[in-house]
Amino acid sequence: MRLPGRQQRWAAVQYVQAVASFLLWLILAVIAWPLALIALIVYPIVWLISLPLRIVGISVKGVLDLIKAILGLPARVLRGPRRR
């Protein structure tokens with residue numbers, strides 16, 4: 001399936017980041033394997049702890065966008081219909 005341009009670039013960026021992360025972990029595993037194992041154990045725990053913070057961030061962004069839309073409504077009404 002072919003993705004649109006922006007989504008295709010974003011998918012490519014995510015792929016490159018994933019490969020780079022894996023290669024860095026492999027280097028860490030060769031240099032200091034106990035630290036690499038600790039990183040494998042700690043990363044999911046940190047990710048689970050950060051999930052509620054992400055949910056709060058998404059909620060706050062939604063509320064601020066709603067306030068922005070409500071405050072901008074009078075200007076949009078006074079501007080009138082768009083002419084094409």
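Helical runs (DSSP H, four residues minimum) scored at -39500 (n - 2.57) apiece and divided by the length of the chain put the mean residue ellipticity at 222 nm at -32500 deg cm²/dmol. Relative to the dominant Cα principal axis of the chain, helix 5-31 is inclined by about 20°. Taking the chain as the reference, fit the longest principal axis to its C-alpha atoms, fit the long axis of helix 33-79 to the helix C-alpha atoms, and give the angle between the two in degrees, 0 to 90, nearest 10. On a 0 to 90 degree scale, this one is about 10. Under 17 Å from a point placed 7 Å out from the Cα of Arg76 along the Cα-to-Cβ direction: which residues of segment 43-65 have their backbone N that close? Label zone hits: 62-65.
Classified by the C-alpha gyration tensor, the chain has an oblate form. Its axis ratio a/c, with a ≥ b ≥ c, is 1.5 or above, and a/b does not exceed b/c.
Coordinate-derived values only; no laboratory data. Note that the structure is a prediction, hence the values are computed from the model and not measured. Cβ coordinates were reconstructed from backbone atoms using ideal geometry, including for glycine residues, and neighbour counts include every protein chain displayed.
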